[in-house]
1. Considering only the range 484-494, I want to know if a residue exists there that is over 27 Å from Ala363 (Cα atoms), outside the structural domain of Gln250 (by TED's automatic domain parsing) and away from the ligand (no atom under 16 Å from the Cβ).
2. Can you give me the number of residues within the range 62-106 that are within 22 Å of Ala127 (Cβ to Cβ) and within 21 Å of the chain's Cα centre (by Cα)?
3. Output the number of residues of the range 108-121 satisfying the condition of being surrounded by 24 or more Cβ atoms within 10 Å (Cβ to Cβ) and touching a helix residue (DSSP H, G or I) at 6+ places or on another chain (Cβ under 7 Å).
4. When you go through (1) under 25 Å from the mean Cα position of the chain (by Cα); (2) closer than 29 Å to Asp428 by Cα; (3) surrounded by fewer than 19 Cβ atoms within 10 Å (Cβ to Cβ) one by one for Met376, which number turns out not to apply?
5. Can you tell me which of Leu285, Leu348 is within 16 Å of the ligand (Cβ to nearest atom), of a type outside the set (Asp, Glu) and buried (at least 19 other Cβ atoms within 10 Å of the Cβ)?
6. Check Thr319, Thr303 and return the single one that is polar (S, T, N, Q), outside any loop (DSSP other than H, G, I, E, B) and in contact (Cβ under 8 Å) with a residue 40 or more places away in the chain.
7. Being surrounded by fewer than 19 Cβ atoms within 10 Å (Cβ to Cβ), modelled with pLDDT of 95 or more, over 20 Å from Glu409 (Cβ atoms) and more than 16 Å from the ligand (Cβ to nearest atom) narrows it down to one of Arg587, Arg571, Arg580, Arg535, so name that one.
Amino acid sequence: MNTTAVVRCEVDADGIALLTIDYPGKTMNVIDQAFMDSLQQCIDRVRDDAAIRGAIVTSGKDAFVAGADLLAMEQNLDSTADDPLPVLFEKYGSLSRVLRNLETCGKPFVAAINGTAMGGGFELALACHHRVLADSPAAVVGLPEVQLGLLPGAGGTQRLPRLIGIQAAMPFLLEGKHVAPAQALAAGLVHELAPPADVVACAKRWLLGSPRAVQPWDEKGFRIPGGNALDPRVAPAFVVGNTMLQANTQQNLPAPQAIQSCLYEGSLLPIDKALRVETKYLMTLARGAVARGMIRTLFVSKTRAEKGLHRPAGYAPFTCRKLGMIGAGMMGAGIALVAAQRGIEVVLIDRDQAAAERGKTYAEKALGKQVERGRMTAEKRDAILARIVPATDYDLLRGADMVVEAVFEDRAVKAEVTRRLDAVLPDDCVLASNTSALPITLLAQASVRPGRFIGLHFFSPADKMPLVEVIRGKATDDATLARALDFVGQLRKTPIVVNDARGFFTSRFIGAFVDDAIGMVAEGIAPALIENCARQAGMPVGPLAITDELSIDLAVHAGEAQAREFPDSYRPGRSVPVLRKLFELGRLGRKVGKGFYDYEESAKALWPGLAELYPLKPVQPDPRDLKQRILYVQAVEAARAMEQGVLLSPADGDIGSILGVGYPAYTGGPFCFIDGVGVAAFVAEADRLADLFGDQLRPPQLLRDMAAHGETFYGATAVAIRQDARA
Ligand code: NAD
């Protein structure tokens, strides 16, 4: 047994044991084997020591407990891959058993939740006989496991419904919803709120009263509030819930389904058996490729990226105090808002004062909504707005330590802005371009300080989207990269770092999908089939609908600009003739009410005229092949970007694809997807699809070499994601 004292036990004169969770050497309490061993030792002591009347569980850190140690869990997935199932069952059930020991040891336990309690941390609180939560905005509670393809496997799927009823528990378990103290109290997740400084005293008061050391579900004759899964009041929730789930997830996500099974099966069983059912489902999920990819990309890789995976060492941390934002259009307005929200003074510049003011209006509206909904005070809104100064005068930028330009996507316009900036900016001020596709190396040529020039590609809407693609031009120096990454961190966004090439990573990645899908229209594939297969593959919006949103003229002009900028490497895509045709017909997309779709007031329908322009094939392709085509054409493009050195690591591609451009999260991103399928199997399937649909699906040499050498992107034990992807 590991003896690291993660949990300290002190007994006071009243016989109350104070169990303080304070993981040595970590900023957050996370649950691993040492945590569980230490907690079990304390439980044994409380149980066995006749002088102890009861115990308070609290934390020595700001947060209560953050949940399982996912970094360790991800690493263990490799080392335990070949363990026999009974051994794995024991491992995955270990926290569940410790918590069951806690609640049945015969002495009363109370959780003094002094700060955020998530996942396993909140499950620990649920196993206590009483819960006191700090009444502070920093103390949120919830069970977010589903968002990483897992389920709350330490009793969460069993205790929560037994506490508040199955239907009330569903949103917490199936959506991973977390709540602030007042809502937690109203929902019955905790018994009391207390000022943060008083949680332990309040917990002690409960213990010194007449506490019951038996959970309701261990009382004779216990019934789940509202009834079990067969109760006529509850059963419809499973029918409707299940149908909605299938519609929303397209059956791509196993975790919500497993949680529903835990709720259904578990509610018909006594608690001890129900907990074993939960462990079985947790084990199945944790060993599957979906959770593997989601944990790896959305937690492990994302955390590493945010902690400076690509930040050059040796540069002092940078904090932006004054940002120059040039261009107050859609992107500039969003970036100005998020910067002001993070306490940065923003000079928001446009060609004339009215345009600059319009950019600030965006922030006024967005923050106004927050105030209306009670999420922000009027004072806070005013303080944020006061930091945004709309202007036209570049002289105001003399003290800026960072500038982002988001003016028109036109090299000449950007070059003119760069020259004007060079005249006023301090020497060490970084100039970042938010270009979608113009090469950073070329844009930097307009500057007298090309080393200080970098790409910061935000996504729309910039105040909401979590990703920033950082593009390093040939001349960009290390100090600039370090500053730019610190700035992205200050905005609390996730960075990926890529090299400068046409379309960087994200634009070429989504471009491959949209180009191929519009090409399908010209092949005579039914537009509705294209849109539906994309949704079923897990894309958030169909490719024709996206193109309408972005507008057809923008797509046509972007293609022309690419042809101009890259005369040697530009090859017109498969979509070009179709886009041109729509452009000529004035079908410019949603903004004019017609594009691939016809738009009525509240509805849209695919334009029937498309079928006249591009007659449908008499035999349409198998939808399973089309779904594969949609996932594969993007994964093949990602592998090409890796082969060409645009990407620095598979993690950047995986994070960028999911957080930036909507590649389905259940895949973990294209490289997790390729690993999950198996590189050799992926190559074979991509070749089959290329034979059917064209060379855009032909795998690059990099993948063939990896397959020949048995290599994978992430390591030796990548497990299969839908072994037979066509099934
Ligand atoms: P936009 O047309 O909404 O805004 C551009 C703004 O720049 C306008 O307000 C315009 O008046 C201003 N402007 C033009 N020339 C100027 C100059 N010389 N000095 C000062 N202001 C000037 O465009 P947008 O969608 O915000 O895009 C801006 C940039 O961001 C482009 O490079 C675009 O490719 C890139 N981008 C756009 C998106 C997107 O989804 N819209 C996403 C990522 C990147």
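The values are calculated or read from the model by the stated rules, or taken from the named source; none is laboratory data. Given the structure is predicted, the values throughout are model-derived calculations rather than measurements. FYI the Cβ positions are ideal-geometry reconstructions off the backbone, even for glycines, and counts take in every protein chain you see.
1. No.
2. The number of residues fulfilling the criteria is 8.
3. Result for the range 108-121: 9.
4. Condition (2) is where Met376 drops out.
5. Only one candidate passes the filter, namely Leu348.
6. Thr303
7. None of the other options fit; the residue is Arg535.
Conditions (1) crowded, with 18+ Cβ neighbours inside 10 Å; (2) within 20 Å of Asp463 (Cα to Cα), marked per residue:
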{"residue": "Ile344", "(1), (2)": "yes, yes"}
{"residue": "Ala356", "(1), (2)": "yes, yes"}
{"residue": "Lys360", "(1), (2)": "yes, yes"}
{"residue": "Val371", "(1), (2)": "no, yes"}
{"residue": "Asp395", "(1), (2)": "no, no"}
{"residue": "Ala400", "(1), (2)": "yes, no"}
{"residue": "Ala423", "(1), (2)": "no, no"}
{"residue": "Asp427", "(1), (2)": "no, no"}
